[in-house]
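**Student:** Before I ask anything, here is the structure I am working with.
The values are calculated or read from the model by the stated rules, or taken from the named source; none is laboratory data. Since we're looking at a predicted model, the values are computed, not measured. Quick reminder, even Gly has a Cβ in these numbers, built from the backbone with ideal geometry, and neighbours come from all protein chains shown. Note: areas computed on protein heavy atoms with side chains; ligands, DNA, RNA excluded. Shrake-Rupley method; radii C 1.70, N 1.55, O 1.52, S 1.80 Å.
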Amino acid sequence: MSERTKKNLRHLIPYLFLLPAFLMLIGILYPFGLGVFNSFTSYRLTRPIPDFIGLENWIEILGSSDFWNSLWVTLRYTAIILFIEIPLGLAVALMLNREVKGIIVFRSLIILPLMIPPVVTALMWRTMMNPSRGILNYILISIGFNPLPWLSETSTALVSIALIDIWAFTPFVVLILLAALQGFSREPYEAALVDGANDFQVFRFLTFPMITPFLLLVTAFRAIDAFKVFDFIYATTQGGPVTSTMTLHVLSYLESFRWANLSRGLVFALFLWGMCYGITMVLIRRWRQATERL
Amino acid sequence: MSMQLYRKNQQTKNVLFWIALIAFFVFILFPFYWIITMSFKSYTDIISWPPKIVFQPTMENYRAVTVGPDLAEDPGSAIQALRPDFPKYFSNTLIIACFAVLITLAVGCPAAYALSRFRFRGREELAFTFLSFRFAPELVIILPVYIIFQRLRLINTFTGLILVYQLITLPLTIWIMRGYFGEIPVDVEEAALIDGCSRWTIFTRISLPLVRPGLAATAILAFIFAWNSFVFGLVLAGRDTQPVTIGLLGFIGYEQVLWGQMAAGTVIAILPQVVLASLVLRHIVRGLTFGAVKG
């Protein structure tokens, strides 16, 4: 074998290592392409023939009230959980960052909600939120409040599911921000202490600027996961009552399998994918910055 | 005087700190307490109002979900056939998650190694393409996969499910392992290269053993993620391959909710996760962020 062919072969080595993963990648990208194609067809579960109908599905859906309702529900859900999970997560992370006796126990306990299946989380809360027999209403009544309808009425269903999300994913925010806080160097804090800065000043001028990239990272993560929320809703309300919790992801599923219209389901899923993709791009940029800082 | 005031101030702060912290953790831990106690309650205790805090614990729910309900009390064999078959769901999930993780490690580790060690064109683009699947709504891939699987008769097969679960486990593995490989000092590998070892030998004999703790953590995290997933099974599994997450929904029927059994099933489904998670405590932040935050 000549030196030259040897050198050429060496160039191939990385690709050989990557070959199996590359095949998997094709196995993922092919269905994606097929999905895009079928969003332009009239593929139904009952009539699985992909007749090309151009933009018909897209135009019809973008003009339908189902779609706009679901988009609105999805955005509202995302707004609610971000508005609570990020500040609450930051507050808890700051608390857990204090070096006091016994804090290590709490730092370990915080991962519990993250490790269990979201469906199980939803079922646990659904049990507790039962309007007539659930423990939550019992607690509300015993401290002098009116019982709530929780998941069973349009006015409270979305907020109830958001509460489940807050329980399950605030720990995610806490863990990441805590990891960030623990990574900061102690020196500026010591200097601030010497200068007699108070707690608020330390937070405002030291901690907050340093943690901002991580806040953005974690916000992007949570926003994307909230856009595509599925398990919590499927295991509790399945989009109801009426359509008050019908997010785009759930609508995509129901359209595909309950109403057997796979092509329309694909349009919803692809639209949602576009939303997630947009945020992912922002995330990746932040990501690179955050990793460079570490 | 002012020192005293300062101390008092500090004390109030400490008290507030603990109140806030404990309040938050009551919120986090209460559902676990509730579901665990519920799993030991009899049906009448579960539906009683006001809810019973003190009750006679029973193992009936656990028996019902593991070996089936007491047939002497419930001879209706017709109903029996419709009952959720929890042990089956459990072993289904075990089969799917284990094989999915094994395949993912075999495919992902060399890829992660290449993406961390070699310089070649399109490296970052490729890595981020894998990453982007973490952020794609599952149905965007699953709906067309359903069409393909229908044609290939892969719906309701373990093969099919193990393959689609790669969508969960592979991006995770590639990104976390890439980070671990990147942390090995290059000198070790360069020395071996000079000694005439091939790249593949270096990978299997030197690099992989060096990242063993990271590899174990990655495998466990991938297993947890696979175990927890829902929508893949919902669309692509059937009677014979249903995973635990779908099976649990079966306890909520149209006629009655088997609260106690659902609670027992829930506890059993959570248990492996809690044990596994405690093994990889230090790696969890990395796993959750796909290596963006090292933790």
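**Student:** Count, for each residue of A:131-139, the Cβ atoms from other chains sitting within 10 Å of its Cβ, then give me the mean as a whole number.
**Tutor:** Mean partner-chain Cβ count within 10 Å for A:131-139: 3.
**Student:** Rank these residues by their accessible area, most exposed first, probe 1.4 Å: B:K8, A:K6.
**Tutor:** Ranked from most to least accessible, the order is B:K8, A:K6.
**Student:** Once R0 is set to 41 Å, what does the formula 1/(1 + (r/R0)^6) return for the Cβ-Cβ distance between A:S155 and B:V186, expressed as a FRET efficiency to the nearest 0.05?
**Tutor:** Computed FRET efficiency for A:S155 and B:V186 comes out at 0.10.
**Student:** Quick one: which bits of region A:90-111 get at least 50 Å² less accessible when the partner protein chains are in, versus the chain alone, with a 1.4 Å probe?
**Tutor:** Residues losing area: A:M95, A:R98, A:F106, A:I111.
**Student:** Explain nothing, just the number: relative contact order of chain B, from Cα pairs under 8 Å at least 6 residues apart, as a whole percent. Mind dumping the intermediate values first?
**Tutor:** Details: 285 pairs, mean separation 79.4, N = 295.
Reported as a whole number, the value is 27 percent.
**Student:** Summing both sides, how much accessible area is buried between B and A? Use a 1.4 Å probe and give Å² to the nearest 100.
**Tutor:** In total, chains B and A hide about 8400 Å² from solvent.
**Student:** Okay, moving on. Would you check the accessible area of B:I47, probe 1.4 Å, heavy atoms only, in square angstrom rounded to 10?
**Tutor:** 50
**Student:** For chain B, rounded, prolate or oblate, judged on the Cα gyration tensor with a ≥ b ≥ c (square roots of eigenvalues), a/c < 1.5 rounded, else prolate if a/b > b/c?
**Tutor:** Values: a/c = 2.53, a/b = 1.24, b/c = 2.04.
Here chain B falls in the oblate category.
**Student:** PRE reach from B:R153 (point 7 Å along Cα→Cβ): which of region B:231-252 fall under 18 Å by backbone N?
**Tutor:** Within reach of a label on B:R153: B:237-241.
**Student:** Please report the net charge: other residues with Cβ closer than 11 Å to the Cβ of B:L210, K and R +1, D and E -1.
**Tutor:** Net charge around B:L210: 0.
**Student:** Placing one identical point scatterer on every Cα of region A:122-212 and ignoring solvent, what is log10 I(q)/I(0) from the Debye formula at q = 0.14 Å⁻¹?
**Tutor:** For region A:122-212, the Cα-only Debye profile gives -0.68.
**Student:** Can you give the mean number of other chain Cβ atoms that lie within 10 Å of the Cβ atoms in peptide A:221-233?
**Tutor:** Average per residue, whole number: 3.
**Student:** State which helices in chain B qualify, where a helix is a whole DSSP H run, it must extend 27 Å or more along its own axis by its Cα atoms, and its mean Kyte-Doolittle hydropathy must be at least 1.0.
**Tutor:** For chain B, where a helix must reach 27 Å along its axis and average at least 1.0, the hits are B:86-117, B:259-279.
**Student:** Count the net charge of all other residues whose Cβ sits under 14 Å from the Cβ of B:P51, scoring Lys and Arg as +1 and Asp and Glu as -1.
**Tutor:** +2
**Student:** Return the subset of A:K101/B:K294; B:K8/B:K52; A:K228/B:K294; A:K228/B:K88 for which the Cα-Cα distance in this structure is over 31 Å, preserving the input order. Intermediate results must be reported in sequence, preceding the final value.
**Tutor:** Details: A:K101/B:K294 25 Å; B:K8/B:K52 41 Å; A:K228/B:K294 25 Å; A:K228/B:K88 29 Å.
As for pairs spanning more than 31 Å Cα to Cα, those are B:K8/B:K52.
**Student:** Using a 10 Å cut-off around each Cβ of peptide B:115-124, what is the average number of partner chain Cβ atoms that fall inside?
**Tutor:** Counting other chains' Cβ atoms within 10 Å and averaging over B:115-124 gives 3.
**Student:** Students often check this: by mean Cβ neighbours within 10 Å, which of A:49-60, A:239-250 ranks highest, and how do the rest follow?
**Tutor:** So the peptides A:49-60, A:239-250, ranked by packing, come out A:239-250, A:49-60.
**Student:** Helix-derived [θ] at 222 nm for the protein assembly as shown: sum -39500 (n - 2.57) over DSSP H runs of at least 4, divide by residue count, nearest 500?
**Tutor:** Working: 29 runs with 410 residues, N = 589.
Counting only the DSSP helices, I get -22500 deg cm²/dmol.
**Student:** When only the heavy atoms of the protein chains count and the probe is 1.4 Å, how do B:M177, A:M275, A:M281 rank by accessible area, highest first?
**Tutor:** A:M281, A:M275, B:M177
**Student:** Then there is this: For B:Y165, what accessible area in Å² do you get when you roll a 1.4 Å probe over the heavy atoms of the protein chains, rounding to the nearest 10?
**Tutor:** Looks like 10 Å² after rounding.
**Student:** While we're here: Hey, can you grab everything whose amide H is under 5 Å from the amide H of A:T41? Only 5+ residues off in sequence or another chain; H modelled, so Pro and N-termini drop out.
**Tutor:** A:I53
**Student:** What is the sum of charges, Lys and Arg at +1 and Asp and Glu at -1, for the other residues whose Cβ falls under 12 Å from the Cβ of B:G160?
**Tutor:** Residues close to B:G160 contribute a combined charge of +1.
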